[in-house]
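Derivation of every value follows stated rules applied to the coordinates shown; laboratory data play no part. No experiment lies behind these values; they were computed from the predicted model shown. No Cβ is skipped: glycine too gets one built from the backbone with ideal geometry, and neighbour counts run over all protein chains shown.
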Amino acid sequence: MPDNQRVDVVIVGGGIIGMAIAWRARQRGMSVSVLERDVAGQGTSRVAAGMLAPVVEAEFGRAGRRLLQLGLRSALMWPAFAAELERSAGCAVGLMRTGTLLLARDHDDASDLERQLAFRQSLGLTVSRLRPSDARELEPALAPTVRLALHAPEDHSVDPRLVLAALRRACAASGVHVREHAHVARVELDSAGERVTGAVLEDGERVSAQVVVLAAGPWSERIDGLPSVARVPVRPVKGQILRLRDPAGPGLLRGVVRFQGGYVVPREDGRYVLGATVEERGFELTPTAGGVYELLRDARELLPGISELEIEELSVGLRPGTPDNAPAIGRGVLQGLIWATGHYRNGILLAPLTAELVVGLLSDEDSHGDPLLRACAPGRFAAGPMPASSPNPAASTSTGAIAGAVP
């Protein structure tokens, strides 16, 4: 792309969030450029296990309720999103609608599960209590020592690597310009410092756009150019994760199992994802023997057959966390800026909804305000008072699709 060529939308970040937004925005006729610091789809999203589990992930507190609302809505979107993506890309995305079991290994875990069950039932969520024998009827490979289980039949999984490959193909076919090894150093502001006008790469190249979408995951905080009042605090949270393979093929597990300290997610081809540690280690990406040991030890207590699986890969990923661990999705303080970051453990789950919300903003379709957008507004982290909103600009674009989209 020539220096300073203008597009409708520049998306900083080529993970599942950025690529899903790019695909949807291009479907609306917008010219879209994705700027990825490394290789598209090879960062945090590639390491993810792919659980679509808003019920099991439900947490106490205000932020937990906010995240639950987002997760439930996005989970409902996933089947149609996956089907459309498969048609567009001509390849599968590995959606498995098999439900999730939450397991207790001892008396303390069982007591905690009883509290978790009461909490979820108070929210009207679909979850049931299973005796150990009922749990083993669903998953015969479970250990006889399982004390209790909860069943969330509407919590499923998808293979993020297949989704990313499909998004890459769908974006290419639709005309999205994906630029890899395009490390964004800073966003560019107009002379008044009130509007974002594009992005500047490390080599000094400028890419101008009517709207910049920051979807850089844990690296969002490292992008310069924004005043403190306009920033969203995002920190990296390290996770170690194993990918295992059963040489006998699929069959050890039918659905996802979760337990205190980890989870096992099956794939359709006899592979399994075992994860994941949660470590506040900054941008450290070094795997450790202790982390791997704890994952295997805890999983083996409940699923003895896991010790027979072959280790294919040990990965380390960085989840993007915010102070309340809920995402920041929506317009920034500055004109011409939209945030789509901070999804923490739920980036895969929230991809369809995030894309819908952001493209609604780009298309100026949220005149009445989506309550979910208000719930995850980036302004909740503002370091100071937010400036008064200004009218939508009437700047023209190559398509007219997002004229006046971002105040």
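I need two numbers for region 239-313: Rg to one decimal and Dmax as a whole number, Cα atoms only, in Å.
According to the Cα coordinates of region 239-313, Rg and Dmax are 12.3, 39 Å.
Arranged by the count of other C-beta atoms within 10 angstrom, fewest first, what order do H151, H183, H156 take?
Ascending Cβ contact count within 10 Å gives the list H183, H151, H156.
Report the antiparallel proportion of the DSSP beta bridges in the chain as a percent, rounded to a multiple of 5.
For the chain, the DSSP antiparallel bridge percentage is about 70.
For a quick check: sort T286, T126, T98 by the number of other beta carbons within 10 angstrom, fewest at the front.
T286, T126, T98
Could you tell me the ratio Rg/Rh of region 1-54? Both radii from Cα atoms, Rh via Kirkwood.
A ratio of 1.05.
Evaluated at 20 °C with a viscosity of 1.002 mPa s, what Stokes-Einstein diffusion coefficient in µm²/s does the chain have when Rh comes from the Kirkwood expression over alpha-carbon pairs?
98
Could you tell me how far the Cα centroid of region 146-191 sits from the Cα centroid of region 93-134, in Å?
Taking the Cα centre of each part, region 93-134 and region 146-191 sit 28 Å apart.
Taking a ≥ b ≥ c as the square roots of the eigenvalues of the Cα gyration tensor of region 169-320, is the shape rounded (a/c under 1.5), prolate (a/b larger than b/c) or oblate?
It is prolate, given that a/c is not under 1.5 and a/b is the larger ratio.
How much length would be gained if the chain were fully extended between A92 and V229, taking 0.36 nm per residue of separation minus their Cα-Cα distance, in nm to one decimal?
Length gained, A92 through V229: 45.1 nm.
What's the center-to-center distance, using Cα atoms, between region 199-229 and region 9-67 in Å?
If you average the Cα positions of each part, the centres end up 17 Å apart.
Kindly state, to the nearest 0.05, the FRET efficiency for A80 paired with E280, given R0 = 35 Å and r defined as their beta-carbon distance.
After rounding to 0.05, the efficiency reads 0.45.
With each label point set 7 Å from Cα along the Cα-Cβ vector, what nm distance links Q260 and F381?
3.1
Pop a pseudo-label 7 angstrom from the Cα along the beta-carbon direction at both E365 and E308 and give the gap in nm to one decimal.
About 5.0 nm, to one decimal.
Toward the positive end of the charge dipole of region 194-318, about the Cα centre and with charges on Cβ (Lys, Arg +1; Asp, Glu -1), which of L242, P287, A230 goes farthest?
Most positive-ward Cα: A230.
So what is the diffusion coefficient of region 95-154 in µm² per second by Stokes-Einstein at 4 °C and 1.567 mPa s, using a Kirkwood Rh over Cα pairs?
Result for D is 110 µm²/s.
Given R₀ = 35 Å, FRET efficiency for R374-T126 by Cβ-Cβ distance, to 0.05?
After rounding to 0.05, the efficiency reads 0.85.
Sticking with the crude label model, points 7 Å out along Cα→Cβ, report the distance from E268 to F119 in nm, one decimal please.
3.4
Taking every Cα atom in region 43-148, find the radius of gyration and the maximum pairwise distance Dmax, and write them in Å.
Both quantities, over Cα of region 43-148: 16.4, 49 Å.
Which value, to two decimals, describes the C-alpha radius of gyration of region 115-238 once divided by 2.2 N^0.38 Å?
1.71
Please list the radius of gyration and Dmax for region 156-215, considering alpha-carbon atoms only, with Å as the unit.
Gyration radius and largest Cα-Cα distance of region 156-215: 15.3, 48 Å.
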